[in-house]
Amino acid sequence: MIKTTIALTTTLLILNGCGGGGTNTPLGQVEGDLYKDFRIQKVEYELNGKNTPICKNVGQQTGLEKSALRSTCTWICGDYQGASPIAVLLAFEREDANSVWQFEREHLSTASSACRK
């Protein structure tokens, strides 16, 4: 149990430290809702240029302000490209407030052993 707690805490610290700017929503909350009790969530997002990327079933999304140049989305227990469960961070960026959003990178790591269907 203690190994699980340490692994989960480490994963949360790593994922929460990635990305920059944006809202200060605690990892594991979306607009006040608790992160779905570590249920495995399908990793989905919409990227359509001028609008901030929209992440679905996400544990945390940063960079939602109109002036933001970077946005990140984090899933603690994700179902992503055939790998499940997996911790996923997706980063998007744009050059300035008038340019289009682009996919920047993905960071994948081992999911918590607390993840469940």
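Counting other Cβ atoms within 10 Å, which GluC sites (Glu not before Pro) in segment 33-117 have at most 13 and lie in a DSSP loop? Mind dumping the intermediate values first?
Details: sites: Glu44, Glu46, Glu65, Glu93, Glu95, Glu104, Glu106; in loops: Glu65, Glu95.
Here the GluC sites (Glu not before Pro) that fit, given the DSSP loop and packing criteria, are Glu65, Glu95.
Which order do Leu89, Leu69 take by accessible area at a 1.4 Å probe, largest first? Let's see the in-between values first.
Numbers: Leu89 0, Leu69 75 Å².
Sorted by accessible area, descending: Leu69, Leu89.
Under a Cβ-Cβ cut-off of 10 Å, what is the net charge of the residues other than Arg94 that fall near it, where Lys and Arg count +1 and Asp and Glu count -1?
Numbers: positive: Lys50, Arg70; negative: Glu93, Glu95, Asp96, Glu104.
Summing Lys and Arg as +1 and Asp and Glu as -1 gives -2.
Separation between the Lys66 and Asn98 pseudo-spin-labels, each 7 Å from Cα along Cα→Cβ, expressed in nm?
Calculated label separation equals 1.5 nm.
For Phe103, tell me the accessible area in Å² from a 1.4 Å probe, rounded to the nearest 10.
90 Å²
Please list Lys117, Lys50 from largest to smallest accessible area, probe radius 1.4 Å, with all protein chains kept in place. Walk me through the numbers on the way to the answer.
Working: Lys117 195, Lys50 125 Å².
Solvent-accessible surface, decreasing: Lys117, Lys50.
Which listed residue (Gln60, Ala114, Cys73) has the Cα farthest towards the positive end of the charge dipole for segment 50-117, taking +1 on Lys and Arg C-beta and -1 on Asp and Glu C-beta about the Cα centre?
Ala114
When the gyration tensor of segment 57-117 is built from Cα positions, what are the square roots of 5 times its three eigenvalues, in whole Å, from largest to smallest? Before the final figure, lay out the partial values.
Values: eigenvalues 142, 25, 11 Å².
Three semi-axes, in Å: 27, 11, 7.
The values are calculated or read from the model by the stated rules, or taken from the named source; none is laboratory data. Note that the structure is predicted; figures quoted are calculated from it, not measured. Quick reminder, even Gly has a Cβ in these numbers, built from the backbone with ideal geometry, and neighbours come from all protein chains shown. Heavy atoms of the whole protein, side chains included, go into the accessibility calculation; ligands, DNA and RNA do not. Shrake-Rupley method; radii C 1.70, N 1.55, O 1.52, S 1.80 Å.
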